[in-house]
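Here's the structure we're looking at; comments come further down.
The values are calculated or read from the model by the stated rules, or taken from the named source; none is laboratory data. Computed from a predicted structure; not experimentally measured. Backbone-built Cβ (ideal geometry, glycine too); neighbour counts: all protein chains shown. To get the accessible areas, we keep the full protein, side chains included, count just its heavy atoms, and leave off ligands, DNA and RNA. Shrake-Rupley method; radii C 1.70, N 1.55, O 1.52, S 1.80 Å.
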Amino acid sequence: MIRNYIKTAFRNLWRNKAFSVINIVGLSVGLACCMLIFLYTMDEQSYDRFNVNKDKIYHLTATTISATGEIHHISSTGQMHGPGFKSEIPELEDFVRIEGSTFTIKKDGDVFNQDALYADENFFSVFTFPLLEGNPKTALKDIHSVVLSEEVAEKYFGKKDAVGQVLNLKINDKFQPFTVSAVMKRSPQNSSIKVKMLLPMAFRVTLWKDTQWLNFFLNTFFVVKPGSDIKVVEGKMAKVFETNAAEQIKDDAKNGFKDKITFGLQPLLAMHTSTDFPADNGLSDASSPVYSYILTGIALFILVIACINFVNLTVARSIKRAKEIGIRKVVGGQRGQLIMQFLGESSILSFIAFVFAIVLVIIVLPFFNELANKSLAFSYLLSVKLVVGYVAIFLLTSLLAGFYPALVLSGFNPVQSLYNRNSFTGKNYLSKSLVVLQFTLSTFLIIATITIYSQFNYLMHFNLGYNDKNVVSIFSWGLDKQKLALFKNEMLNDPSVKSVTADQGGRQGTVANINGGTKITFDLKHIDEDYLPLFEVPMVQGRNFSKSMIADSGTSILVNEEFVKQAGWKKPIGQKVDFFWAKRKYTIIGVVKDYHFLSLTEKLSPMLYSMSPQFPYGNIFIKIKNGDKAATLNHIEKAFKSLYPFIPYQYHFKDAENTEQYDKEAKWKQIVTFSAILTIFISCIGLFGLATLSAERRRKEIGIRKVLGASVELIVRKLSADFLKLVLISAIIAAPAAWWAINKWLQNYPYRISTNVWIFLLATVLVAVVALVTVSFQSIKAAIANPVKSLRSE
């Protein structure tokens with residue numbers, strides 16, 4: 001019996017090749033999407049689980065509450081918190097501090113920029129990072145030792161043994177030798193701590209020993225004794241902080257700092273997807289859990305649509321199998337046996353689709369990795385959890401896709417089946433409802449796609465308040481000002497160069513007092529007199545910096561309009577800003593028109609500009625003319641390398657840098673667009689099935705209409721109108737949900753488009769046009785059919 005069912009199933013699949021291919025393609029795409037999202041979510045949830053001490057490691061966090069109730073979450077702490085809390089709280093077994101940095105390395109006459117981390121010498125006993133060479137207990141004991149990852153060791157030393165070799169690192173404008181003490185295995189891709197190069201925290205302390213309990217610039221991790229009550233430990237930390245930082249808090253209160261600070265312990269495994277305390281300050285790969293939710297939702301959308309297609313197409317084909325069902329019933333076939341037969345067929349088809357889905361995953365995985373910024377491998381598919389999940393999806397898909405058709409087909413009356421008189425004259429509400437659901441999801445995603453495109457286009461064409469065209473940006477730290485003057489003169493002698501300037505700083509969160517003690521937080525940027533003219537940023541009041549004014553490089557400052565607004569000044573020129581922490585006061589000589597120096601994902605903030613000689617410059621900007629840019633860039637590179645031979649040369653165009661700020665938005669635009677295309681494609685397959693069913697069901701009606709003189713155009717319009725009604729209903733259902741979702745998403749952007757009605761109308765028109773094209777094939781086919789054939793049996 002089972003053998004017969006399998007034979008029959010394959011014969012039906014072969015006999016109805018077009019329907020079989022459509023069903024298999026639809027299910028394959030849906031299953032492949034689910035597999036990819038399973039890979040993504042598994043990778044997200046697996047972060048940091050390779051650590052042996054994963055359940056005992058906690059990340060120290062801080063929360064500040066201002067006098068007005070404003071709350072700020074801080075993922076970092078200072079040098080004092082680790083040893084301070086460890087020494088007085090017995091539940092804390094150990095601590096490790098980690099701070100990110102970047103070094104210039106000189107090797108064989110070449111210079112390189114290298115990302116690195118400072119860490120305490122017990123780093124390898126707390127975290128599980130295996131060493132290929134060296135002793136984990138002593139690798140960071142010598143303050144002039146350095147640990148390299150295997151890829152960085154190969155970069156600098158090739159295939160030879162790196163341990164014992166020397167690297168020259170630039171420290172405070174001088175190169176110092178560091179000996180490679182160990183080589184560690186490449187950091188796992190699902191690690192929040194990505195180690196390229198590791199230096200002792202003890203060396204960092206020799207450069208700057210910070211005794212402030214109110215500073216936050218590095219990461220502190222604790223190993224907590226098993227069974228400890230975390231809330232109790234956090235309460236003890238509050239008492240230790242209040243005791244040890246009492247004098248510092250009192251001193252800062254005199255200068256207007258009245259924020260309340262509390263500390264918390266965040267489980268290591270919760271750090272990667274935390275929205276309040278994300279990985280930061282040298283740690284990498286922070287990710288919002290909302291990405292997993294969105295991708296999972298999209299995958300389920302596509303899978304549900306694919307299952308709906310299976311149902312509609314199978315029911316549409318059922319008329320051609322009526323005689324087979326009638327014969328089986330006449331010879332004694334029970335309804336239960338027929339249900340098992342059709343469920344078996346759906347399982348076979350689902351299995352074939354499942355195999356094709358695996359092939360599809362292998363093919364599109366590189367593209368998916370690029371979209372999702374991952375490095376997922378096919379070997380992940382062999383995970384036990386994933387295999388169990390895939391089997392569950394396979395069984396669920398087979399059941400969902402096959403149960404309703406099996407129930408309908410097994411219920412045919414044998415007599416009517418043998419005479420082709422099964423009634424399909426009902427309203428067919430279920431099939432129509434399924435199509436409405438499909439196109440509701442499709443319309444929802446198309447609205448989302450149009451919104452994301454519109455927002456992305458808005459960000460790309462937003463007036464930033466300055467001119468970033470043809471500006472070459474060279475980034476480095478601590479540029480010698482005397483050499484910078486020589487470089488500037490060299491550049492200005494080139495007729496293809498319009499202007500040259502330099503700056504340092506940006507998003508710093510500096511605090512100062514104004515108006516007799518009122519505290520204001522702002523961003524600080526050190527510039528020269530050519531900075532604002534080069535970027536074509538106008539002055540609103542007062543004047544720009546000038547070399548001829550000696551005070552400009554001492555106690556004079558500029559502020560932007562937002563600074564003036566928050567300070568509440570009507571006449572800002574001449575106002576004082578008290579840098580209480582530096583014990584210096586500055587006088588405002590000019591107000592700069594607001595411009596967006598940060599990404600438009602952040603709200604414009606107060607900005608203060610200085611030309612103080614004590615601060616070095618870190619960025620050079622060169623405004624060039626249109627023309628032979630290659631020759632100009634070559635000249636810039638030669639001039640820079642001749643003056644700064646030990647600083648790596650890297651350049652970017654400023655407008656390209658601004659565009660790169662929205663890489664995340666660009667990737668989501670691609671993901672949602674691709675998803676919308678898939679859903680509309682699979683939905684159209686389902687609509688094609690329903691159109692086929694409708695044409696078969698109304699075959700005799702169409703024949704009668706033609707006999708009575710109805711034109712092909714009239715019949716096509718009549719058949720298509722019913723489906724356009726379904727699309728309209730879908731749009732009405734999708735609109736409120738889409739409106740809520742896109743408004744929720746747009747709240748992430750301080751500068752955003754408004755949700756106009758045209759977005760919903762455009763989505764509806766697009767879906768309607770695609771649906772009309774889809775059903776037209778079957779409608780025209782039915783309209784031009786010979787009416788004699790359809791009426792012959794009457």
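General remarks:
So that you can scan it fast, the table gives a plain yes or no per residue for (1) free of Cβ contacts under 8 Å to residues at least 24 places away in the same chain; (2) open to solvent by less than 10 Å² (accessible area, probe 1.4 Å); (3) not in a helix (DSSP H, G or I):
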site	(1), (2), (3)
D43	no, yes, no
N53	no, no, yes
T68	yes, no, yes
G82	no, yes, no
F85	no, yes, no
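- A search for C-beta distances below 6 Å between a residue of the stretch 429-458 that is farther than 16 Å from F723 by Cβ and any residue that is charged (D, E, K, R) and open to solvent by less than 20 Å² (accessible area, probe 1.4 Å), counting only pairs 6+ apart in sequence or on different chains, returns F456/E665.
- Unique match (being modelled with pLDDT of 85 or more and open to solvent by 30 Å² or more (accessible area, probe 1.4 Å)) among F403, F378, F462: F462
- Extreme residue, modelled with the lowest pLDDT, among residues of the stretch 748-789 that are surrounded by fewer than 13 Cβ atoms within 10 Å (Cβ to Cβ) and outside any helix (DSSP H, G or I): N786
- Residues of the stretch 556-573 include at least one that is of a type in the set (A, V, I, L, M), out of contact with any His (no Cβ under 9 Å at 6 or more places or on another chain) and farther than 30 Å from Q661 by Cα.
- Any hit, the stretch 71-79, residues being among the hydrophobic types (A, V, I, L, M, F, W, C), exposed (fewer than 15 other Cβ atoms within 10 Å of the Cβ) and either in contact with a helix residue (DSSP H, G or I) (Cβ under 7 Å, 6 or more places away or on another chain) or at pLDDT below 85 (or both): yes
- Conditions (1) assigned to a helix (DSSP H, G or I); (2) surrounded by 19 or more Cβ atoms within 10 Å (Cβ to Cβ); number of the one not met by A666: (2)
- Where I647 falls short, out of the listed (1) touching a strand residue (DSSP E or B) at 6+ places or on another chain (Cβ under 7 Å); (2) at pLDDT 85 or above: (2)
- For the stretch 570-588, taking the residues that are touching a residue at least 24 places away in the same chain (Cβ under 8 Å) and within 42 Å of the chain's Cα centre (by Cα), the one that is surrounded by the most Cβ atoms within 10 Å (Cβ to Cβ) is identified as I588.
- None of D120, D110 is under 24 Å from L218 (Cα atoms) and either among the acidic types (D, E) or in contact with a helix residue (DSSP H, G or I) (Cβ under 7 Å, 6 or more places away or on another chain) (or both) except D120.
- Residue match in the stretch 105-121 (condition: open to solvent by 20 Å² or more (accessible area, probe 1.4 Å), assigned to a strand (DSSP E or B), within 25 Å of H272 (Cβ to Cβ) and basic (K, R)): no
- Any hit, the stretch 592-607, residues being under 33 Å from the mean Cα position of the chain (by Cα), under 25 Å from G542 (Cα atoms) and not in a loop (DSSP other than H, G, I, E, B): yes
- Here the stretch 548-564 is the region considered, the condition is being in a helix (DSSP H, G or I) and within 14 Å of V592 (Cα to Cα), and the residue that is least open to solvent (accessible area, probe 1.4 Å) is F563.
- Given (1) of a type in the set (V, I, T); (2) in contact with a helix residue (DSSP H, G or I) (Cβ under 9 Å, 6 or more places away or on another chain); (3) more than 30 Å from A582 (Cα to Cα), number of the condition V232 does not satisfy: (2)
- Matching residues in the stretch 445-457 - criterion: being within 10 Å of T764 (Cα to Cα) and open to solvent by 10 Å² or more (accessible area, probe 1.4 Å): I446
- Some residue of the stretch 259-266 being part of a helix (DSSP H, G or I), over 30 Å from W668 (Cα atoms) and of a type outside the set (V, I, T): no
- Residues satisfying the stated conditions in the stretch 248-269, i.e. among the hydrophobic types (A, V, I, L, M, F, W, C), open to solvent by 30 Å² or more (accessible area, probe 1.4 Å) and modelled with pLDDT of 90 or more: L269
- The residue of the stretch 496-547 that is least open to solvent (accessible area, probe 1.4 Å), among those that are more than 26 Å from K629 (Cα to Cα), in a loop (DSSP other than H, G, I, E, B) and at pLDDT 85 or above, is F545.
- The residue that is surrounded by the most Cβ atoms within 10 Å (Cβ to Cβ), counting only those in the stretch 624-657 that are among the aliphatic types (A, V, I, L, M) and over 37 Å from the mean Cα position of the chain (by Cα), is A639.
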